[in-house]
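One structure is given here, and the rest of the page talks about it.
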Number of protein chains: 2
Amino acid sequence: MGLEDLKEAAGRRAVDFVRSGMRVGLGTGSTARYAILEIGRRIAAGELANIVGVATSVESESLARECGIAIETLDARPLDLAIDGADEIAPHLDLVKGAGAALLREKLVALAAREFVVVADHTKLVGRLGEKRAVPVEIVRFGFESTLRRLAAFGAPELRRQNDAPVVTDNGNLIADLRFSTGDPAGLAGELKLTAGVVETGFFLGMAARALVAFPAEVRELRR
Amino acid sequence: MGLEDLKEAAGRRAVDFVRSGMRVGLGTGSTARYAILEIGRRIAAGELANIVGVATSVESESLARECGIAIETLDARPLDLAIDGADEIAPHLDLVKGAGAALLREKLVALAAREFVVVADHTKLVGRLGEKRAVPVEIVRFGFESTLRRLAAFGAPELRRQNDAPVVTDNGNLIADLRFSTGDPAGLAGELKLTAGVVETGFFLGMAARALVAFPAEVRELRR
């Protein structure tokens, strides 16, 4: 099984937690994408009905609409479930997210959900957060260089670029990828969020209740 | 002297701290406006030269350009001085700002300045923050109703509207005005900033070094 098959297996398995009539948070990225496709397939097959999706990105919203999922915006009502990927999964299901630059909407949607289910392939499992990746930090565009200077107190920040231009999020902000080495991600997450110019961080701590992690032989369910 | 005269007296007095060659943060609002006009007047009169302004709003940038002040964006370099108004001034020069919806850029500019000078008329002095006004909180547009729910844990938030539409900041965000009653604004400021969906608060604590406060008979200089 290739990595793509593993992502598909994890994404599809999460849809077993979706029931007709649910309001579901729809994640962003290569694994969450398969969950959206599977919800669409089950709606088309008559296995699910009256599903409302709340999308975490413009990209996921487009895909969901193509799949025939009714889309609403995030309002004050809770969601029944949110399904999303992760870039790193540490013990107790602490996560780093944001490789797709959608971390702010992903966090707001996950917080609104009664249950947050993570989908991933096994390569995302780490012993501690930051082991393989930098943590993405969404920062305000105005004065971003002064904010990067403040972030340098916590690690090595790098403005994310694509085709030589800074990446702009769906919310009009920028992304700084911060390499860090602390063993206390909760402390770091708080310090970063308190920093002027920071909108949100890619640390998702104590939020996921369940992770469906695809290994070559099976999809394993991890609980917090 | 009417209130407008007091604002003018305070705004103009602050320009005594501006020296030729300085990079100066330019505030937003009815009192800071007079400082910008006075800088322009002194440049035109040959009393100041080589001033670079960094504006805290689109509005102040336009005014400064009309006044012949060269404008640059906020980058990694520090500013020599920032001049801005305040909505409430408590003992030790702790402030509430944001009535003009420019609090985020105002804070980023004030933080970048070696000295932050506040200009105000005496009606802005209070015994404790929150005495007369709500604290403005800049929040992300996406899912703003879920963020308002979280803010309700700290007081009574109200989405700021103008002509029946939500006020949108220069950064594309919304403003929630939060009535609160705590005697610990530092604690509240931290809790608010840590809240998902919150970008920045209107609490400016321990930031101002000096305030020029206009009374009918004189402009008094207060120091932290």
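Count of segment B:171-224 residues, restricted to those that are aromatic (Phe, Trp, Tyr) and over 17 Å from the mean Cα position of the chain (by Cα), is 2.
Across segment A:115-145, the number of residues qualifying as under 26 Å from B:Thr147 (Cβ atoms), within 13 Å of chain B (Cβ to nearest Cβ) and open to solvent by 10 Å² or more (accessible area, probe 1.4 Å) comes to 3.
You will find that of B:Asp184, B:Asp170, B:Asp164, the residue that is under 21 Å from B:Arg128 (Cβ atoms) and either facing chain A (nearest Cβ under 10 Å) or of a type in the set (Asp, Glu) (or both) is B:Asp184 and no other.
Condition first: under 16 Å from the mean Cα position of the chain (by Cα), in the same structural domain as A:Glu8 (by TED's automatic domain parsing) and basic (Lys, Arg). Can you find one or more residues in segment A:87-106 that meet it? Yes, segment A:87-106 has at least one match. The residue that is nearest to A:Val109 (Cα to Cα), counting only those in segment A:1-37 that are in a helix (DSSP H, G or I) and open to solvent by less than 10 Å² (accessible area, probe 1.4 Å), is A:Ala32. Quick check, is A:Ala90 surrounded by 20 or more Cβ atoms within 10 Å (Cβ to Cβ) and within 24 Å of A:Thr31 (Cβ to Cβ)? When the stated conditions are applied, A:Ala90 does not pass them. Apart from one condition, A:Glu47 fits all of (1) part of a loop (DSSP other than H, G, I, E, B); (2) in contact with a strand residue (DSSP E or B) (Cβ under 7 Å, 6 or more places away or on another chain); (3) of a type in the set (Asp, Glu); the exception is (2). Evaluating A:Gly187 against the criteria (1) open to solvent by 10 Å² or more (accessible area, probe 1.4 Å); (2) touching a strand residue (DSSP E or B) at 6+ places or on another chain (Cβ under 7 Å) leaves one unmet condition, (2).
Taking the condition of being away from chain A (no Cβ under 14 Å) and open to solvent by less than 40 Å² (accessible area, probe 1.4 Å), how many residues in segment B:59-87 meet it? Number satisfying all stated conditions: 10.
Quick one: how many residues across segment B:38-58 are charged (D, E, K, R), under 24 Å from B:Ala101 (Cα atoms) and surrounded by fewer than 15 Cβ atoms within 10 Å (Cβ to Cβ)?
Going through segment B:38-58 one residue at a time, the tally reaches 0.
From the list A:Ala208, A:Ala153, A:Ala196, A:Ala176, the one residue that fits, being open to solvent by 30 Å² or more (accessible area, probe 1.4 Å) and not in a helix (DSSP H, G or I), is A:Ala153.
Every residue, every condition in (1) within 16 Å of A:Ala101 (Cα to Cα); (2) touching a strand residue (DSSP E or B) at 6+ places or on another chain (Cβ under 6 Å); (3) assigned by TED's automatic domain parsing to the domain that holds A:Ala86, yes or no:
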| site | (1), (2), (3) |
| --- | --- |
| A:Leu148 | no, yes, no |
| A:Phe154 | no, no, no |
| A:Glu158 | yes, yes, no |
| A:Val168 | yes, no, no |
| A:Asp177 | yes, yes, no |
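If I filter segment B:157-168 for residues that are open to solvent by less than 10 Å² (accessible area, probe 1.4 Å), in contact (Cβ under 8 Å) with a residue 40 or more places away in the chain and within 23 Å of B:Ala55 (Cα to Cα), do I get at least one hit? Looking for residues that are open to solvent by less than 10 Å² (accessible area, probe 1.4 Å), in contact (Cβ under 8 Å) with a residue 40 or more places away in the chain and within 23 Å of B:Ala55 (Cα to Cα), one finds none in segment B:157-168, hence no.
The values are calculated or read from the model by the stated rules, or taken from the named source; none is laboratory data. None of the values given here were measured: they were computed from a predicted structure. Here Cβ is always computed from backbone atoms with ideal geometry, including for glycine, and neighbour counts include all displayed protein chains. These accessible areas exclude ligands, DNA and RNA; they are computed on the full protein's heavy atoms, side chains included. Shrake-Rupley method; radii C 1.70, N 1.55, O 1.52, S 1.80 Å.
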